[in-house]
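Enquirer: Here's a structure for you.
The values are calculated or read from the model by the stated rules, or taken from the named source; none is laboratory data. As the structure is a computational prediction, the values presented were derived from the model and not from experiment. Here Cβ is always computed from backbone atoms with ideal geometry, including for glycine, and neighbour counts include all displayed protein chains.
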Amino acid sequence: MIVIPAVDLKDGRCVRLSQGRMEQESVYSEHPVEMAKRWESKGAERLHVVDLNGAVMGKPFHRSLIKEIARSVQIPVEVGGGIRDLDTIEDYLSSGVRWVILGTAAFQNRSVIEEACRRLPERVILGIDAKGGKVAIQGWNEVVSLEAIDLAKQYEGIGLSAIIFTDIERDGMSTGLNFQSTRNLAQSTSTPVIASGGVSRIEDVEHLLELEQDGVIGVIVGRALYTGSVKLEEVIQLVKKSEVRSQKTE
């Protein structure tokens, strides 16, 4: 399992939101590139970057800043927020970004994600954001009638790299991950799942390790890293020790 620090961008700054509400932000850095470098220096093996303005606008807002982040670190970067068409996908992936995350586009325009996976296999991540089990789109401003699990099943076997599953009601709230919903979704698909939303302490990640057998391969951590309630070095060490134990028992 991989621990992935989140770098969320709003108005050029590194922030965290509460339940995705743009008006409820906590600013943690005026220099997102330096923040990305900081997580890399502390052992991060991957970064999760989100263009929050772009998610709401439906088109990239921080395109140049995101490209700068991707160029500034050696570790791979996944990017989401406002990515709705093939031109944007190809622009990011040709500029040093390893994966693009499609959420709203996956719900509104199936052909975009299918074509992207055909052209660029294993470079596309499906972002499923859920509230009460239902899919949320447009920067989490609209909740539709489709169940998160049903959306995951629709994209089974098309060449996705992973699914990022976020429980909006827990995101940024430091209330702990929604383990049951994450397990249910992971068990419903053969696509690897990355958990997101609500990690508040190292024990949350320790508990999540139990879901590796269900196909959960990673966890995104945001606010808890910025407040210091979770130390990146410690949680990475926890995961690596777990891997060593698993190898010894095989």
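Enquirer: Restricted to region 6-53, and to residues that are of a type in the set (G, A, S) and at pLDDT below 95, which residue is nearest to the chain's Cα centre (by Cα)?
Expert: Checking each candidate, the answer is G20.
Enquirer: So which residues in region 196-220 are crowded, with 18+ Cβ neighbours inside 10 Å, at pLDDT 95 or above and part of a strand (DSSP E or B), if there are any at all?
Expert: Within region 196-220, V216, G218, V219, I220 qualify.
Enquirer: A further question on this structure: So in region 138-150, with the set limited to residues that are in a loop (DSSP other than H, G, I, E, B) and surrounded by 15 or more Cβ atoms within 10 Å (Cβ to Cβ), which one is modelled with the lowest pLDDT?
Expert: So, considering only residues that are in a loop (DSSP other than H, G, I, E, B) and surrounded by 15 or more Cβ atoms within 10 Å (Cβ to Cβ), the one modelled with the lowest pLDDT is G139.
Enquirer: Further, regarding this structure: Any chance region 173-181 includes a residue that's closer than 12 Å to V235 by Cα and either of a type outside the set (D, E) or modelled with pLDDT under 90 (or both)?
Expert: No, because not a single residue in region 173-181 is closer than 12 Å to V235 by Cα and either of a type outside the set (D, E) or modelled with pLDDT under 90 (or both).
Enquirer: Would you check if there is a residue in region 151-168 being of a type in the set (D, E, K, R), surrounded by fewer than 17 Cβ atoms within 10 Å (Cβ to Cβ), modelled with pLDDT of 90 or more and more than 17 Å from V219 (Cα to Cα)?
Expert: yes
Enquirer: Right, next: Can you confirm whether region 93-100 contains a residue that is at pLDDT 95 or above and part of a strand (DSSP E or B)?
Expert: yes
Enquirer: Ok, one more. If only one of R84, R16 is out of contact with any His (no Cβ under 6 Å at 6 or more places or on another chain) and over 19 Å from S200 (Cα atoms), which one is it?
Expert: Going through R84, R16 in turn, the sole match is R84.
Enquirer: Identify the residue in region 119-135 that is among the small types (G, A, S) and in contact (Cβ under 8 Å) with a residue 40 or more places away in the chain and, among all such residues, is farthest from A55 (Cα to Cα).
Expert: Applying the filter and picking the extreme gives G133.
Enquirer: Follow-up. Has region 58-71 got any residue that is closer than 27 Å to L238 by Cβ and of a type outside the set (S, T, N, Q)?
Expert: For region 58-71, residues closer than 27 Å to L238 by Cβ and of a type outside the set (S, T, N, Q): present.
Enquirer: If you take the residues of region 221-250 that are in a helix (DSSP H, G or I) and among the aliphatic types (A, V, I, L, M), which of them is farthest from the chain's Cα centre (by Cα)?
Expert: Across region 221-250, the extreme among qualifying residues is V244.
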